[in-house]
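I have placed the structure first, in the form of structure tokens, so that the comments after it can refer back to it.
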Amino acid sequence: MVRNVIGSALALAGAASAVYSPFRAWYDGRRGSDYRVQDLFGGITDAPTEVGASIVLPYAFAALVALFGVMLRSRLLVALAGPVVVGFTVLWMVRQGQATGYLAVGGGLPGLGEGVAVALGGGVLLLLAAVVMRGRAPRVVGFQEPGYDGPPGGAGWYPPEHPAGYPPADGPHAWAPELDDTQRLPTSAPPPAYGPGPRRPRPDPYGADPYGAAPYGADPGRDPFGDEWRGP
């Protein structure tokens, strides 16, 4: 998570630098937006151009790809935007060197401006962001036993015809053997002794029986708690 946040911040900074660089001075005070896209392939000229047809176009495309890469957390898209920015900057430097015969930085001669440095820095940031980003986490699919798709008795429970070899005969997932008709519990059990209906009087714990007999074979003359003997 932290790597994705840091990588996204680097990618956004690189994309912003790539779009901003053509509006700075590239060579001898001339801005990058004053160079046509076809000049990169046919040679540098002094022909005027509009922003929509200048080298701003490839840098804006690279920034858009990097933005989609950040949104989708795709390292591939972010890594693709970096070489586009660096490649077009290097291609412009080659064409400018062919047109002027040399490339200089400072020294009192017409040379490269800060816009070139910003463009190269943006491309490096995009490549670094692709290295730092972790990307999407792999999707983990949980284990699911064959034939199971819900709680017992619910929708999707085991079909009447079990798959071949299932349920297992032994092991921790083995099923208990099914009961036959002689082992099944009766569907209707007798009502409890003290359930709803006419209540039977409870037996006297000291042996007195409302029906005239000692309950459960107890001796009517003995205290059930064993602390008293009542003779006849």
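The values are calculated or read from the model by the stated rules, or taken from the named source; none is laboratory data. Owing to the predicted nature of the structure, the values given are computational and were not obtained by experimental measurement. Positions of Cβ are backbone-derived with ideal geometry, glycine not excepted, and every protein chain shown enters the neighbour counts. Surface accessibility is based on the protein's heavy atoms, side chains included, excluding ligands, DNA and RNA. Shrake-Rupley method; radii C 1.70, N 1.55, O 1.52, S 1.80 Å.
Per-structure values
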read-out: V132 accessible area, assembled protein chains, probe 1.4 Å, Å²; value: 40
read-out: Charge sum, other residues only, whose C-beta stays under 11 Å from G115's C-beta, Lys/Arg counted +1 and Asp/Glu -1; value: +1
